[in-house]
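Below: one structure, written as structure tokens.
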Amino acid sequence: MKIVVLAGGLSTERDVSITSGSKVYAALREKGHKAILLDVFMGIEEKIDSIDELFENGYDFTKSITGVRTEIPQLDEIKAMRKDKTDSIFGENVIDICRSADICF
């Protein structure tokens, strides 16, 4: 089953969401599902050749971050990291990726 685990987002609970989303993602992959871990706010800003490949390869956005912080995230800093600089809840490609999944968690 293709499952998108949405985590992160833009709130003071961002890092808690990343931690719990990572655990859900790992458990789903361990059970044999084609799960991916996607930051709902940041999305995937680079060009995607194949959404199916994301599921096959187990895309995990946390591989590109250095760790979860213990202090409350500065939301302005997170907004500034997004290339399109919009305040939209959903980052680039999030909706299209979710449409390709069987389930979004």
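The values are calculated or read from the model by the stated rules, or taken from the named source; none is laboratory data. Since we're looking at a predicted model, the values are computed, not measured. All Cβ positions, glycine included, derive from the backbone under ideal geometry; neighbour counts span all protein chains shown. Side chains are part of the model used for accessible areas, which takes the heavy atoms of the whole protein and leaves out ligands, DNA and RNA. Shrake-Rupley method; radii C 1.70, N 1.55, O 1.52, S 1.80 Å.
At-a-glance table
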{"quantity": "Check on F90, surrounded by fewer than 19 Cβ atoms within 10 Å (Cβ to Cβ), within 11 Å of the chain's Cα centre (by Cα) and outside any helix (DSSP H, G or I)", "calculated": "yes"}
{"quantity": "Residue that is farthest from the chain's Cα centre (by Cα) [pool: residues in the range 1-25 that are of a type in the set (A, V, I, L, M) and open to solvent by 50 Å² or more (accessible area, probe 1.4 Å)]", "calculated": "M1"}
{"quantity": "Residue among S50, S100 that is open to solvent by 30 Å² or more (accessible area, probe 1.4 Å), in contact with a helix residue (DSSP H, G or I) (Cβ under 6 Å, 6 or more places away or on another chain) and modelled with pLDDT of 95 or more", "calculated": "S100"}
{"quantity": "First in the range 62-89 and within 16 Å of G21 (Cβ to Cβ) and at pLDDT 90 or above, second anywhere and outside any loop (DSSP other than H, G, I, E, B) and not hydrophobic (A, V, I, L, M, F, W, C), Cβ under 9 Å, 6 or more apart", "calculated": "T62/G21; T62/S22; T62/Y25; T62/D39"}
{"quantity": "Close pairs from the range 7-26: first under 21 Å from K85 (Cα atoms) and touching a residue at least 60 places away in the same chain (Cβ under 8 Å), partner of a type in the set (S, T, N, Q) and surrounded by 15 or more Cβ atoms within 10 Å (Cβ to Cβ), Cβ under 8 Å, at least 6 apart", "calculated": "G9/S17; S11/S17"}
